[in-house]
1. Determine, from the Cβ-Cβ distance of E290 and D39 and an R0 of 35 Å, the FRET efficiency 1/(1 + (r/R0)^6), rounded to the nearest 0.05.
2. Compute the convex hull volume of the Cα atoms of the chain, divide it by the residue count, and report the result per residue in Å³ as a whole number.
3. To the nearest 20 Debye, how big is the dipole of the chain about its Cα centre, given +1 on the beta carbon of each Lys and Arg and -1 on that of each Asp and Glu?
4. With the convex hull built on the Cα atoms of region 116-223, state its orientation-averaged projected area in nm².
5. Sort M315, M183 so that the residue with the fewest other Cβ atoms within 10 Å of its own Cβ comes first and the one with the most comes last.
6. Regarding region 53-138, what is the average projected area of its C-alpha convex hull, in nm²?
7. Treating only the Cα positions of region 219-316 as identical point scatterers, give the base-10 log of I(q)/I(0) from the Debye formula at each q in 0.16, 0.23 Å⁻¹.
8. Separation between the E210 and D313 pseudo-spin-labels, each 7 Å from Cα along Cα→Cβ, expressed in nm?
Amino acid sequence: MSQTLTETPGHPGNIPAVAAPALPDPERKGLTKKEIAADHPTWCPGCGDFSVLALYFKLIEKRKLWHEKITTISGIGCSSRFPYFVQAHGVHFIHGRALPFASGVSLSRPDLHVFVFSGDGDAFSIGGNHFNHTARKNIKLTVVCMDNWVYGLTKKQTSPTSPLGFKSKTDQWGAVDYPINPMKQAIAAGATFVARTTATNPNHVLQMMEAAMDHDGFSFVECLSECVEFYEGAFDAANPRKGGVFKEVPKDHDVTDEAAAFKLAGEPFPGSFGVFYKVNKPTKNAKEAEINRGLMEKVKGLKDWQILQKTFDRMK
Ligand SMILES: Cc1ncc(C[n+]2csc(CCOP(=O)(O)OP(=O)(O)O)c2C)c(N)n1
Ligand code: SF4
Ligand SMILES: [Mg+2]
């Protein structure tokens, strides 16, 4: 992966990062899978989501993310059941609204790793607006979209990523609406880290989640995750065990080149897997922290009630 990171024109580069990831403490043991697993997942046997959960546990184990340093947030959907199965802080929030909640957590707690697990419907249908705005604000958090090209939880409706012609309960004669391309959507919205993986390649999923977590900004990972119940075989063409092809992003791809990333995103299915786009840009977290530092400087030495009094005095 090319790592020629650039500063985006027009953005000052002097705003310090505020993200303070948990540092491994040699005195403290990392969590075991038994300690991280909260409940038995209620997904259908064979669902791709199992793999993503197992790899999240692996990531937590590998990076020694203790309970109090991670938060797992989701909306509603089969994929969004995720936080139930993780023994750490987490929220199974409203359908499509995981990102506003996660933004609040990220902005107020820079010491936490904030992960959002969503489905294609949750992220790009009802939550599409939030997706665009969270991305453009470059809020530090990681979104893993478990894309199965269908609404699984509600038993087979067309989703915004369902391909043309897909027969579902809402499109009995086949889908007629052009699908969203999550990778193009993320790049266009302003995400500063955009990657693609598939649940059938565990090492790659872990690699992408780890790289996303380490990115200081809004990171997005599209993870193909098969719904064996309502869209069986959807991703066979990307699975070498089913006669498909798993092709990694070319070694010479420049991850800072937006046009090149767009080109990769436009490849016909199964396309490429890996990091398509990654640039460094000041986060909203850093910018707000800077404003707060300036304001705190102005009221230095004052007690809380005196700060409040000043506010009331200004209103006179
Ligand atoms: C406000 C609201 N609207 C609609 C629903 C019904 N609903 C629940 S999950 C879902 C779609 C799930 O699809 P997706 O996000 O792709 O997740 P999957 O189940 O496929 O993992 C819908 C429409 C809801 N729970 N709340
Ligand atoms: S309905 Fe589909 S997405 Fe939901 S648990 Fe079953 S296989 Fe997974
Ligand atoms: Mg879905």
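A short reminder: the numbers here are calculations on the coordinates, not readings from a lab. Everything quoted here is computed from the prediction, not taken from an experiment. Cβ atoms come from the backbone with ideal geometry, glycine included; neighbour counts cover every protein chain shown.
1. Values: r = 41 Å, r/R0 = 1.16.
Efficiency, from the Cβ-Cβ distance: 0.30.
2. Details: hull volume 54.2 nm³, N = 316.
It comes to 171 Å³ per residue, whole-number rounded.
3. Values: 37 positive and 33 negative charges, 174 e Å.
The calculated dipole for the chain is roughly 840 debye.
4. Values: hull surface 26.0 nm².
Average projection, Cα convex hull of region 116-223: 6.5 nm².
5. Details: M315 5, M183 24.
Taking fewest neighbouring Cβ atoms as first place, the list is M315, M183.
6. Details: hull surface 21.1 nm².
If I average the Cα hull's projected area over directions, I get 5.3 nm².
7. -0.82, -1.18
8. 5.5 nm
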